[in-house]
Amino acid sequence: MSKHDTPMLDELENGPWPSFISGIKRLRDDHPDQRINSVANSLLGQLEHSYETRKGYWKGGTVSVFGYGAGIIPRFSEVADAFPESKEFHTLRVQPPAGNHYTTDTLRKLADSWEKHGSGLVTFHGQTGNIMFIGTTTDGTQGFFNEINEYGFDLGGAGPDVRTSISCIGAARCEQSCLDEQNIQRTVINNFTDDVHRPALPYKFKFKVSGCGNDCQNAIERSDFAIIGTWRDDMRVDQIRFKEYVEIKGRDYLNENVISRCPTNALKINDDDTLQVDNRNCVRCMHCLNVMPKALSPGLDKGATICIGGKRTLKIGDLMGTVIVPFMPLKTEEDLEKLNEMAEEVIDFWAENALEHERCGEMIERIGLSNFLEGIGIEVDPNMVDSPRQSSYVRMDEWDEEARKWFDRQAEGA
Ligand code: SF4
């Protein structure tokens, strides 16, 4: 095998960060399988060529495994004559286990299967949450899928369908968790498995589950249907532990770094070094709980806030999800059934009313929140937005006066 020269790619190995180029070079130089060596060499050659000419040479197409319409991102090379070993370089998106819990044995199995059927390149995990198995031929896709399906893995979403879902590590390791994140994710994604495999929606639709307001999965920003843990009673305060924080850190430090940073001024240190919390005004931002995890914990009446319409760019720029259900208990089977029913309503309404390539949040912007709520059968309720003054949707303070001024201005102009 004659190695392609890669002077431009070599530059990417400089600097303090690990480089994906070094990873591909390891596959080219150190892997015992010659097929993988040549695929990696060919890939590096094409990439260098792209850098030289400032053009990408991958084109899409249609590749799927039997019975599926989604889950594979096809990539065919336009410069296959020059770099034949990587002329087909499809990516398989695989749904990870909830909370990304793997045994080392499972990781080894996945790696072995991929080295058998693909290039050996894997991303744990892509931005979508998937395990991305990068680089195989059309023939390789079916063999790899059959093998991993045998030991319990399934393809995730790609294209206009329900996408791969993710949840934070949650209750397994985090004291702030307010949900059984893994069970919720599993319940929802199992309910929509058909919609993951068959691309029949206007565009992508994502579920993400975060166990608390820290939102480690960026659910409010990155998912159409964000399930975020919260509590509705009072947060728990261990006053003895709080006094220890005062002793060790000092009142000034706590005033500066915790009390004054509460967005709603809901905290106060009493003269006897105990903490007073105005729970009605706490917006569950998680700041004080994060800084003093030994003294403060979420309340006991836990559930989820459902935010709909979050997304990254495209038609109208980034959107955060809007609070549609401020609090939903998610403990029992019936609770989870209600969650599924609500999700079905949302997806059905969106599928019927969205324009092509329009995310749910974009549709809500276009048709208005009240129409959306009516469409999914949820009553408008001011509690849907915890801080009306900060919301562009529900503004109730001095609304009548403002409206009057607007009508007066219209009348003057007429
Ligand atoms: Fe204030 Fe946030 Fe703590 Fe609530 S969670 S008391 S809003 S800092």
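We did not get these values from a lab; they are worked out from the coordinates using the rules stated. Since we're looking at a predicted model, the values are computed, not measured. Every residue, glycine as well, gets a Cβ built from its backbone with ideal geometry; the counts of neighbours run over all protein chains shown.
Consider ASN218 carefully, then state whether it is more than 14 Å from the ligand (Cβ to nearest atom) and within 19 Å of the chain's Cα centre (by Cα). Spelling it out, ASN218 is indeed more than 14 Å from the ligand (Cβ to nearest atom) and within 19 Å of the chain's Cα centre (by Cα).
Only one entry in ARG232, ARG251, ARG198 is surrounded by fewer than 21 Cβ atoms within 10 Å (Cβ to Cβ) and within 16 Å of the ligand (Cβ to nearest atom), namely ARG232.
For every residue, the table says whether it meets (1) exposed (fewer than 14 other Cβ atoms within 10 Å of the Cβ); (2) assigned to a loop (DSSP other than H, G, I, E, B); (3) free of Cβ contacts under 8 Å to residues at least 12 places away in the same chain; (4) among the hydrophobic types (A, V, I, L, M, F, W, C).
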{"residue": "VAL39", "(1), (2), (3), (4)": "no, no, no, yes"}
{"residue": "SER42", "(1), (2), (3), (4)": "no, no, no, no"}
{"residue": "VAL79", "(1), (2), (3), (4)": "no, yes, no, yes"}
{"residue": "ASP105", "(1), (2), (3), (4)": "yes, no, yes, no"}
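Please go through the stretch 44-69 and give me each residue that is assigned to a loop (DSSP other than H, G, I, E, B) and surrounded by 10 or more Cβ atoms within 10 Å (Cβ to Cβ), ordered by number. Walk me through how you get there before you give the answer.
Residues of the stretch 44-69 that are assigned to a loop (DSSP other than H, G, I, E, B), as a first pass: 54-57, 60-69.
LYS55, GLY56, TYR57, GLY60, GLY61, VAL63, SER64, VAL65, TYR68, GLY69, listed by residue number.
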